[in-house]
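These notes are about the structure you will find just below.
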Number of protein chains: 2
Amino acid sequence: MLMPMKRAVILLSGGLDSATVLAWMRREGFACHALSFRYGQRHDIELVRATELARVLGAVEHKITEIDLRAFGGSALTADISVPKDRADEDIAGGVPITYVPARNTIFLAFALAYAETIGASDLAIGVNAIDYSGYPDCRPEFIAAFEHLAVLATKAGAQDGARFKIHTPLQMLSKAGIVKLACELGVPVAKTLSCYDPSHEGVPCGHCDACILRRRGFAEAGVVDG
Amino acid sequence: MLMPMKRAVILLSGGLDSATVLAWMRREGFACHALSFRYGQRHDIELVRATELARVLGAVEHKITEIDLRAFGGSALTADISVPKDRADEDIAGGVPITYVPARNTIFLAFALAYAETIGASDLAIGVNAIDYSGYPDCRPEFIAAFEHLAVLATKAGAQDGARFKIHTPLQMLSKAGIVKLACELGVPVAKTLSCYDPSHEGVPCGHCDACILRRRGFAEAGVVDG
């Protein structure tokens, strides 16, 4: 008799990183429930890509949840602030960038936790990685560990039924080049992924924002052609 | 010279508890930014009440954020499940009720944290209390403490600027009768508050759900007429 597959909730943005996480979790044998957000981002095209990636990579379900982060402003990704272009390396590496959305991963993981609880899953996955640590506080391992701890206390499953939550972060220690290599190994259709903070409506990357710069460098270092 | 008032974000539902928290935080001297959610609840009328209470109780700002918890189902407050009526005391006291919304307070506090970060606040307030502990895991003091810890790690303010977040829970140790007395002492217009899980469109309480039963008992024990 076949064992039923364990369910997991995967945060999926349409970018290279989260697509790689989805493919990784599939390889780990999880039945993957993908979750994306329409959160007032400049670029709705990433949700089109997320939908396509969920299908191609074999998610059993894909939910898009509407939330309104614009109400709080404070980020170039949601407010009327320009996305910085052609920044020097030391600027990309230093401090919290203007594209930081306040408490975004806390909000995303909170929804993922709600989703997990309703489907009886105790595994979540998110594409945080080493490159982001310097800039985004909510991408650090200690943040992830704190959320795992919170999840047990926050839920009926944890408080009443003794569930322990695991947040999988398979990219945590990888450079962008490492992520590119892993994506290729897992058969992620990288051309369908979109990393840019400021793409055209049709999904053409700007080529100049931090995300485009890091992606280009990652593919170059990995010796892989993007697209 | 007057010191600028410290800002705080108050989760405000339109019920008695959160209105009392708002009044308490005002008395503590905070400039109060109230936050409510339209989350697919059966009763939109509570947002009408929240708006009125924010105004009457002197919030400097009131935001209503739209989120979609219905996508995850799993609760009588958001899904097509009946709200239980006329339950016996031991049923009200025992286990996680069907009105529990998966990860709701985690989601609410995550948004409050985003709001706090954009206005430079490190104080949040929520109306969790002792009555809820038995039923709702995300009302317990250890959950609140875990969220305070997470907030520091999750935010630019915490990670970069050394902010420490405080989640005020002034009702934590109070019975419903204690909350009623505190509300009266603070001048909360209790008649404008709505506790019912299943009110009419006009905001008339059903009188039979757990919230109505607990409220009626609280007013009786406090020796106060409701309304």
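The values are calculated or read from the model by the stated rules, or taken from the named source; none is laboratory data. These numbers come from a predicted model, not from an experiment. All Cβ positions, glycine included, derive from the backbone under ideal geometry; neighbour counts span all protein chains shown.
Filter the stretch B:48-74 down to the residues that are facing chain A (nearest Cβ under 7 Å) and more than 30 Å from A:Ala121 (Cβ to Cβ) and list them by number.
Of everything in the stretch B:48-74, just one residue is facing chain A (nearest Cβ under 7 Å) and more than 30 Å from A:Ala121 (Cβ to Cβ), namely B:Lys63.
Would it be correct to say that A:Val204 is hydrophobic (A, V, I, L, M, F, W, C), at pLDDT 95 or above and more than 24 Å from B:Ala146 (Cα to Cα)? Walk me through it before giving the result.
Values: hydrophobic (A, V, I, L, M, F, W, C): yes; at pLDDT 95 or above: no; more than 24 Å from B:Ala146 (Cα to Cα): yes.
No: the conditions fail for A:Val204.
Out of the residues in the stretch B:123-171 meeting the condition of being polar (S, T, N, Q) and over 18 Å from the mean Cα position of the chain (by Cα), tell me which one is surrounded by the fewest Cβ atoms within 10 Å (Cβ to Cβ).
Of the stretch B:123-171, the ones polar (S, T, N, Q) are B:129, B:134, B:155, B:160, B:169.
From the residues that got through so far, the ones that are over 18 Å from the mean Cα position of the chain (by Cα) too are B:155, B:160.
On the way: B:Thr155: 26, B:Gln160: 13.
Going through the qualifying residues, I end up with B:Gln160.
Are there any pairs with C-beta distances below 6 angstrom linking a residue in the stretch B:140-162 that is at the interface with chain A (Cβ under 7 Å from one of its Cβ atoms) to a residue that is of a type in the set (D, E, K, R), with the two at least 6 apart or on different chains, and if so which?
So the pair list comes out as B:Leu153/A:Glu142; B:Ala154/A:Asp138; B:Thr155/B:Glu117.
Among A:Leu194, A:Leu171, which is out of contact with any Pro (no Cβ under 9 Å at 6 or more places or on another chain) and in a loop (DSSP other than H, G, I, E, B)? Show your work before the answer.
Numbers: A:Leu194 fails: out of contact with any Pro (no Cβ under 9 Å at 6 or more places or on another chain).
Going through A:Leu194, A:Leu171 in turn, just one is out of contact with any Pro (no Cβ under 9 Å at 6 or more places or on another chain) and in a loop (DSSP other than H, G, I, E, B): A:Leu171.
Would you mind finding the one in A:Ala114, A:Ala103 that is modelled with pLDDT of 90 or more, at the interface with chain B (Cβ under 7 Å from one of its Cβ atoms) and more than 26 Å from A:Leu182 (Cα to Cα)?
On the way: A:Ala103 fails: modelled with pLDDT of 90 or more.
Just one listed residue meets the conditions, A:Ala114.
Could you say whether any residue in the stretch B:19-31 is in a loop (DSSP other than H, G, I, E, B), at pLDDT 95 or above and buried (at least 20 other Cβ atoms within 10 Å of the Cβ)? Can you show your working first?
Here is the first cut: in the stretch B:19-31, the ones in a loop (DSSP other than H, G, I, E, B) are B:28-30.
Narrowing the set further to residues that are at pLDDT 95 or above leaves B:28-30.
Of the ones still in play, those that are also buried (at least 20 other Cβ atoms within 10 Å of the Cβ) are B:30.
Within the stretch B:19-31, one or more residues are in a loop (DSSP other than H, G, I, E, B), at pLDDT 95 or above and buried (at least 20 other Cβ atoms within 10 Å of the Cβ).
For the stretch B:127-137, give me each residue that is within 25 Å of B:Glu28 (Cα to Cα), in contact (Cβ under 8 Å) with a residue 24 or more places away in the chain and either of a type outside the set (A, V, I, L, M, F, W, C) or facing chain A (nearest Cβ under 9 Å) (or both).
Listed by number, the residues that qualify are B:Gly127, B:Asn129.
Sort out which residues of the stretch A:109-120 are crowded, with 23+ Cβ neighbours inside 10 Å and either without any contact (Cβ under 8 Å) to a residue 12 or more places away in the chain or under 16 Å from A:Ala71 (Cα atoms) (or both), and write them in order of number.
First, pick out the residues of the stretch A:109-120 that are crowded, with 23+ Cβ neighbours inside 10 Å: A:109-117.
Scanning the stretch A:109-120 gives A:Ala110, A:Ala114.
If B:Val204 meets every condition in (1) surrounded by 16 or more Cβ atoms within 10 Å (Cβ to Cβ); (2) of a type outside the set (S, T, N, Q); (3) under 29 Å from B:Glu90 (Cα atoms); (4) away from chain A (no Cβ under 14 Å) apart from one, which number is that one?
It is condition (1) that B:Val204 fails.
Looking for whichever is more than 22 Å from B:Ala103 (Cα to Cα), modelled with pLDDT of 95 or more and not in a loop (DSSP other than H, G, I, E, B) here; the options are B:Ala34, B:Ala54. Which one fits? Before you say what the answer is, go through the steps one by one.
Values: B:Ala34 fails: more than 22 Å from B:Ala103 (Cα to Cα).
Only one candidate qualifies: B:Ala54.
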